[in-house]
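Undergrad: Just passing along the structure, written as structure tokens.
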Amino acid sequence: MTIFWHGQGAFKIVEKDVVVAIDPHDKTGLKMPKFQAQILLITDTKDQYINAEGLRGDSFMIDGAGEYEVKNVFVYGIPAEKKDNEKITIYLIEMEGIKIAHLGMTTQDTLTDKQLEILEGVDILLVPVGGGDSLKAASAVKIISQIQPRVVIPMYYKLPGLNQKLDSLDVFLKEYGAAQPETVDKYKISKKDLPQEETRVVVLAAT
């Protein structure tokens, strides 16, 4: 499995011949590449910066709570809250035995027992850390301690060219105590290579 980050909450997850896209964006000041995905996940249908039309070709789109199976990929949409008590969907994605959670722009600094029950055993957590309309660093750390994933990939933080005011990644790294995170252009991982002893922070370059 290979994970690419395109800034904000936009990810491309590739496993063999299946591509999962999450929250492609527009009007953010960042460049969003066009690619074809078999599955498209949208966390917030009302977000003006999320552009479901920003991919090539047709995708099976999931934009709400429920359980789905597409091309041997299992997706669980979980209701969550964002700023001003608005509703979004956070996702658990299971591919090739690896569980990935994408928290969207949630502002919940504590997950409910029901949410945690579905998110139990998450291997890779994609978590907002830059504040603004989503989690600040301290709240992100609190969520990480609840979920206890094997890998944390931060998202939604300050980047060159971004036209939204967010905190820098360093604020989160200091809060979490990750002095020397792994920094890569793409994250290639298999189930057997997941860290076993402690949670690892992986910083993806926005491509």
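Undergrad: Name the one entry in ASP185, ASP170, ASP123, ASP193 that is of a type in the set (Asp, Glu) and farther than 22 Å from THR2 by Cα.
TA: Working: ASP185 fails: farther than 22 Å from THR2 by Cα; ASP123 fails: farther than 22 Å from THR2 by Cα; ASP193 fails: farther than 22 Å from THR2 by Cα.
When all the criteria are applied, what remains is ASP170.
Undergrad: Here's another thing I want to ask about it. Can you pull out the residues in segment 150-190 that are touching a strand residue (DSSP E or B) at 6+ places or on another chain (Cβ under 6 Å) and of a type in the set (Val, Ile, Thr)?
TA: Within segment 150-190, VAL151, VAL152, ILE153, THR183 qualify.
Undergrad: Would you confirm, using the coordinates I've provided, whether ASP167 is out of contact with any Asp or Glu (no Cβ under 8 Å at 6 or more places or on another chain), modelled with pLDDT under 95, at negative phi and of a type in the set (D, E, K, R)? I'd like the intermediate steps shown before the answer.
TA: Values: out of contact with any Asp or Glu (no Cβ under 8 Å at 6 or more places or on another chain): yes; modelled with pLDDT under 95: no; at negative phi: yes; of a type in the set (D, E, K, R): yes.
No; evaluated as a whole, the condition is false for this residue.
Undergrad: Go through the residues of segment 124-132 one by one and say whether even a single one is more than 14 Å from VAL203 (Cα to Cα) and either touching a Phe, Trp or Tyr at 6+ places or on another chain (Cβ under 9 Å) or part of a loop (DSSP other than H, G, I, E, B) (or both). Don't jump to the end; show me each part of the working.
TA: Going through segment 124-132, the residues more than 14 Å from VAL203 (Cα to Cα) turn out to be 131-132.
In the following step, the residues that additionally are either touching a Phe, Trp or Tyr at 6+ places or on another chain (Cβ under 9 Å) or part of a loop (DSSP other than H, G, I, E, B) (or both) were identified as 131-132.
Looking through segment 124-132, at least one residue is more than 14 Å from VAL203 (Cα to Cα) and either touching a Phe, Trp or Tyr at 6+ places or on another chain (Cβ under 9 Å) or part of a loop (DSSP other than H, G, I, E, B) (or both).
Undergrad: So is SER134 buried (at least 21 other Cβ atoms within 10 Å of the Cβ), in contact (Cβ under 8 Å) with a residue 40 or more places away in the chain, among the polar types (S, T, N, Q) and on the phi < 0 side of the Ramachandran plot or not? Step through it out loud before you land on a result.
TA: Details: buried (at least 21 other Cβ atoms within 10 Å of the Cβ): yes; in contact (Cβ under 8 Å) with a residue 40 or more places away in the chain: yes; among the polar types (S, T, N, Q): yes; on the phi < 0 side of the Ramachandran plot: yes.
Yes, satisfied.
Undergrad: In contact with a Leu (Cβ under 9 Å, 6 or more places away or on another chain) and closer than 21 Å to LEU194 by Cβ - does that describe any residue in segment 13-20?
TA: Scanning segment 13-20 turns up at least one residue that is in contact with a Leu (Cβ under 9 Å, 6 or more places away or on another chain) and closer than 21 Å to LEU194 by Cβ.
Undergrad: Still on this structure, I have one more. Scan segment 139-149 and tell me whether some residue there is assigned to a loop (DSSP other than H, G, I, E, B), in contact with a strand residue (DSSP E or B) (Cβ under 7 Å, 6 or more places away or on another chain) and modelled with pLDDT of 95 or more. Quick ask: steps written out before the conclusion?
TA: The initial filter retains those residues of segment 139-149 that are assigned to a loop (DSSP other than H, G, I, E, B), namely 148-149.
Now restrict to residues that are in contact with a strand residue (DSSP E or B) (Cβ under 7 Å, 6 or more places away or on another chain): 149.
Among the residues that remain, those that are also modelled with pLDDT of 95 or more are: 149.
Yes, there is a match, as at least one residue in segment 139-149 is assigned to a loop (DSSP other than H, G, I, E, B), in contact with a strand residue (DSSP E or B) (Cβ under 7 Å, 6 or more places away or on another chain) and modelled with pLDDT of 95 or more.
Undergrad: For segment 79-111, how many residues are among the acidic types (Asp, Glu), at pLDDT below 95 and over 14 Å from VAL127 (Cβ atoms)? Steps first, please.
TA: Residues of segment 79-111 among the acidic types (Asp, Glu): 81, 84, 86, 94, 96, 109.
From the residues that got through so far, the ones that are at pLDDT below 95 too are 81, 84, 86, 96, 109.
Checking the rest, the ones that are also over 14 Å from VAL127 (Cβ atoms) come to 81, 84, 86, 96.
Summing the residues that are among the acidic types (Asp, Glu), at pLDDT below 95 and over 14 Å from VAL127 (Cβ atoms) in segment 79-111 gives 4.
Undergrad: What number of residues in segment 186-200 are part of a loop (DSSP other than H, G, I, E, B) and touching a residue at least 60 places away in the same chain (Cβ under 8 Å)? Even if it seems obvious, please write down each step before you answer.
TA: Start the filter on segment 186-200 by keeping residues that are part of a loop (DSSP other than H, G, I, E, B), which leaves 186, 189-190, 194-199.
So of that shortlist, the ones also touching a residue at least 60 places away in the same chain (Cβ under 8 Å) come out as 186, 189-190, 194.
The number of residues fulfilling the criteria is 4.
Undergrad: Between a residue in segment 39-64 that is over 16 Å from PRO79 (Cα atoms) and any residue that is small (Gly, Ala, Ser) and surrounded by 15 or more Cβ atoms within 10 Å (Cβ to Cβ), which pairs come within a Cβ distance under 6 Å, given they are 6 or more apart or on different chains?
TA: These pairs meet every condition: LEU40/ALA21; LEU40/SER59; LEU55/ALA21; LEU55/ALA37; SER59/ALA37.
The values are calculated or read from the model by the stated rules, or taken from the named source; none is laboratory data. All of these numbers come straight from a predicted model, not from anything done at the bench. Heads up, the Cβs are rebuilt from the backbone with ideal geometry, glycines too, and the neighbour counts pull from every protein chain shown.
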